[in-house]
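The values are calculated or read from the model by the stated rules, or taken from the named source; none is laboratory data. The shown structure was predicted, so the numbers you read here are calculated from the model rather than taken from an experiment. So basically every Cβ, Gly included, is an ideal-geometry build from the backbone, and we count neighbours across all protein chains shown.
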């Protein structure tokens, strides 16, 4: 059963004296349970709007949205207890301490007060929990937002740009936390991010969004494999002689340490045959998969 | 057990209470605490002021005042007898009544008269506490939007109407408590002042029931002010703008209506507040009209009874609350 299911969702923002802005345009999205699902897209592609629609903050004009197989926003009150969310900047009362903010949320949700200390400890804010939120840095507010999202020990954790404002060490910790949650067997993390490296490192699945539509979705390795670069990594017993042969045949060859990268080798069998005919037998040949950045830029290049 | 129940998390251990959380949230707000403290200081100041500005006269002061009043009354009677313009049909009793001077005017410090001063100050305090609760309501609603905690709370309780109405209920509850504490404190202060520095007798037979009725009307006004302030701030989503609009409405719009649209005067806020708080309501002048056979125009007076004023204010605030709720339910929160 998918944890999140979106079919044909559409949303246009209409603002007074401003042109209408189509944010979501027939979006289809399926997030299966467990693991970390990345949600990638350029700025303005509709990631945050999608999350807001799922959480009932923004009304979809068309389509069907479901969480835990229940329609949202109508059945949101039934499932909200299992959803933790951090959408853009976390929002807290600035004149209350971090702990006080979480305690009030715990009372709202009927969460045991002891859980407040647990989540503060998880995000490394226990020592500063008595300080007013207005004294927190952006990164600390972000951590507090994660702590709030974890308070309910949710089965679905929706994180919108959780690394915003975190220092490099904080980002590493955050990624470890997200990976750990995704691997715990009961939590599904839906991670919206513009950090391609983060998604590539942390996510099992990815959906890429452009102009309010899903352009590709699937396991990260499958998405990458589906977008080959046309380059090959080869190793030869006599690397230098092999390179000369390849260049004479019109290939561009660059070094990859102890191997060569052959650019634009669309037909590996022809290359293998050509080298063999000249007395060079490959000890290794592997297609070079695209990295997520290449895939992302390729898929979203037409986006405004 | 369904699959959903099996999958349920472990952290949610009991029923959440939005109401309890909102009470704690409001109680934790420093600005609200400050306003309530200021209110308490104000009540104490009024009590101390009433205590020190009154004195119970001794027998000698009463005798002196009575003598002065008698002299004044006699002077008036003498002057009236010699007045050629006086009504020739006036009886001696009527003349005596006209010239009667209350001896209490001649006390250097007047005694605290429970029958007059307790309800009089209670009305003023109700109006003051209502203004205070309007501020509490407006700043609470504005703070929710300024800190954007209103949308954030929907991750925890997505029923928007429930969220807004719970917050309103908390403000209304605080208003009831503030009104009750104020009236209790003032009544206790007034009783003490009357027993030490004033007069407790001379109360009409229905004095206490009238006072209770006045206090209930005052509490209604305070609740409406708090709820109205919160609803206004929720509509505008900004404390400063909400207070500005309220100020412009009271100072500019209401005066324009009184000047140019007098028939609408019975629906104005200030008139209805006065109609609600004053015993037996108030009369509002709404213009003049000519009646057949009479060349002189007649004033059109509308009586705003306590009931009518209370209903007008209540309906007005309910309209605001419904508007705020409807808008909040429909709004995209981006």
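Looking for whichever is modelled with pLDDT under 95 and either part of a loop (DSSP other than H, G, I, E, B) or closer than 30 Å to residue B:153 by Cβ (or both) here; the options are B:334, B:286. Which one fits? Before you say what the answer is, go through the steps one by one.
On the way: B:286 fails: either part of a loop (DSSP other than H, G, I, E, B) or closer than 30 Å to residue B:153 by Cβ (or both).
Unique residue meeting the criteria: B:334.
Can you confirm whether the stretch A:12-26 contains a residue that is at pLDDT below 95, in a loop (DSSP other than H, G, I, E, B) and surrounded by 22 or more Cβ atoms within 10 Å (Cβ to Cβ)? The answer is no; no qualifying residue exists.
Enumerate the helices (runs of 4 or more DSSP H) found wholly within the stretch A:52-129, keeping only those where 1 or more residues are buried (at least 23 other Cβ atoms within 10 Å of the Cβ). If you could, list the steps in order and put the result at the bottom.
Numbers: elements: A:76-79, A:98-109, A:114-122.
So the answer is A:98-109, A:114-122.
Within the span defined as the stretch A:265-277, one or more residues are closer than 29 Å to residue A:217 by Cβ and loosely packed, with under 14 Cβ neighbours inside 10 Å. Take residue B:211 and tell me if it is closer than 30 Å to residue B:57 by Cβ, surrounded by fewer than 24 Cβ atoms within 10 Å (Cβ to Cβ), away from chain A (no Cβ under 14 Å) and touching a residue at least 12 places away in the same chain (Cβ under 8 Å). Criteria met by residue B:211.
Looking at the stretch B:152-169, can you tell me whether even one residue there is under 21 Å from the mean Cα position of the chain (by Cα) and more than 14 Å from every other protein chain (Cβ to nearest Cβ)? Write out each step before concluding.
Within the stretch B:152-169, the first condition is being under 21 Å from the mean Cα position of the chain (by Cα), and the residues that meet it are B:168-169.
Right, trim to more than 14 Å from every other protein chain (Cβ to nearest Cβ) and you get B:168-169.
Yes, the stretch B:152-169 contains a residue that is under 21 Å from the mean Cα position of the chain (by Cα) and more than 14 Å from every other protein chain (Cβ to nearest Cβ).
For the stretch A:101-121, state whether one or more residues are more than 8 Å from chain B (Cβ to nearest Cβ), at pLDDT below 90 and within 26 Å of the chain's Cα centre (by Cα). Scanning the stretch A:101-121, I find no residue that is more than 8 Å from chain B (Cβ to nearest Cβ), at pLDDT below 90 and within 26 Å of the chain's Cα centre (by Cα), so the answer is no.
Annotation: residue A:97 fulfils all but one of (1) more than 22 Å from the chain's Cα centre (by Cα); (2) facing another protein chain (nearest Cβ under 7 Å); the unmet one is (2).
Among the candidates A:85, A:62, single out the residue that is under 30 Å from residue A:12 (Cβ atoms), touching a strand residue (DSSP E or B) at 6+ places or on another chain (Cβ under 6 Å) and within 13 Å of chain B (Cβ to nearest Cβ). Write out each step before concluding.
Numbers: A:62 fails: within 13 Å of chain B (Cβ to nearest Cβ).
Checking each option against the conditions leaves just A:85.
Criterion first (under 30 Å from residue A:166 (Cα atoms) and more than 10 Å from chain B (Cβ to nearest Cβ)) does residue A:50 satisfy it? So residue A:50 passes the test.
One line per residue, one yes/no per condition, for (1) away from every other protein chain (no Cβ under 14 Å); (2) assigned to a helix (DSSP H, G or I); (3) within 15 Å of the chain's Cα centre (by Cα); (4) buried (at least 18 other Cβ atoms within 10 Å of the Cβ):
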{"position": "A:146", "(1), (2), (3), (4)": "no, yes, no, yes"}
{"position": "A:158", "(1), (2), (3), (4)": "no, no, yes, yes"}
{"position": "A:175", "(1), (2), (3), (4)": "yes, yes, yes, yes"}
{"position": "A:184", "(1), (2), (3), (4)": "no, no, no, no"}
{"position": "A:198", "(1), (2), (3), (4)": "yes, yes, yes, yes"}
